[in-house]
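Chemist: Pasting a structure here, questions to come.
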Amino acid sequence: MLHRATLGGGCYWCLEAFYRRISGIDKITSGYSGGHVEHPTSEQVYAGNTGHAEVVRLEFDPNIISYREILEIFFVMHGPTTLNRQGNDIGEEYRSIIFYHDNDQKSVAQDMIDNFATELYRDPVVTQLEPLGEFWPADETMQDYYAKNPNAGYCIAVINPKIQKLRQKFAARLKTT
């Protein structure tokens, strides 16, 4: 049986692109969570008044990859010390956040924030931890963006270096295709 994880660490295109390469991740959906508007569009979210974060919903096989391992990748691959910002992406939609699905995930996530992430970074970790409310999938043009647009400027300048980092840091976790 597959489990779910919902994470926000800046632009969902980045998270989606590197989690697609990880063994045990079966399905990824980019979308929005944590806001107060039902069925938000990307335009509404980017206008900055819905309260949503860009997130990815991962469906994973816990026999291949644990939730803790997913969070290790999460904390290594994004900057959890900048409030509402990842690189040049600025706004609450780009915040570092973990939406837990149950109390076990909450406990693991809190431990990862308190012990793992704080050992990685000198600056305070600002990753938020909240129960998952409603998840709203982004429209189809936002799904699997990197695979569909590998030569787009954002993909070349921002996502490609992250994928290189992923290959260096998590080579043993990569899918063998």
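Coordinate-derived values only; no laboratory data. Remember, it's a predicted structure, so these values are computed and weren't measured experimentally. Reconstructed Cβ throughout: ideal geometry from the backbone, glycine too, with neighbour counts over all protein chains shown.
Chemist: Going through region 89-177, which GluC sites (Glu not before Pro) have at most 15 other Cβ atoms within 10 Å and a DSSP loop state? Show your work: numbers first, answer last.
Modeler: Values: sites: Glu92, Glu93, Glu119, Glu134, Glu140; in loops: Glu134.
Here the sparse-neighbourhood loop sites are Glu134.
Chemist: List every residue whose amide H lies under 5 Å from the amide H of Gln128, counting only residues 5 or more places away in sequence or on a different chain, with H placed 1.01 Å from N in the peptide plane.
Modeler: Sorted by chain and number, the residues that satisfy this are Ser96, Ile97, Ile98.
Chemist: How many angstrom lie between the C-alpha centres of region 51-105 and region 119-177?
Modeler: If we compute the Cα centre of each part, the gap is 9 Å.
Chemist: Cα-Cα pairs above 11 Å in region 1-40: how many percent?
Modeler: On the way: 527 of 780 pairs.
Counting every Cα pair in region 1-40, those more than 11 Å apart make up 68 percent.
Chemist: While we're looking at this one, here's another question. Compute, for region 3-173, the length of the dipole vector about the Cα centre, with Cβ point charges of +1 (Lys, Arg) and -1 (Asp, Glu) only. Units Debye, rounded to 20.
Modeler: Values: 16 positive and 23 negative charges, 152 e Å.
Using Cβ point charges on Lys, Arg, Asp and Glu, region 3-173 gives about 740 debye.
Chemist: Quick one, which of (i) 1.00; (ii) 1.07; (iii) 0.95 is the actual Cα Rg over 2.2 N^0.38 Å calculated for this model?
Modeler: (iii)
Chemist: Between Ala138, Ala117, Ala152, which gets the highest mean-square fluctuation from a Gaussian network model of the chain, Cα cutoff 10 Å?
Modeler: Checking each option, the largest mean-square fluctuation is seen for Ala152.
Chemist: Per-residue counts of other Cβ atoms within 10 Å, averaged by peptide: what ranking do you get for 20-26, 94-100, 63-69, highest first?
Modeler: Working: 20-26: 17.7, 94-100: 23.6, 63-69: 15.6.
In decreasing order of mean packing, 20-26, 94-100, 63-69 become 94-100, 20-26, 63-69.
Chemist: Based on DSSP H runs of at least 4 residues, each adding -39500 (n - 2.57), what is the mean residue ellipticity at 222 nm of the chain after dividing by all its residues, to the nearest 500 deg cm²/dmol?
Modeler: Working: 6 runs with 47 residues, N = 177.
Taking each H run of at least 4 residues, the total per residue is -7000 deg cm²/dmol.
Chemist: Using a Gaussian network model of the chain with C-alpha springs under 10 Å, which one of Ala53, Ala17, Ala157 is most mobile by mean-square fluctuation?
Modeler: Ala157
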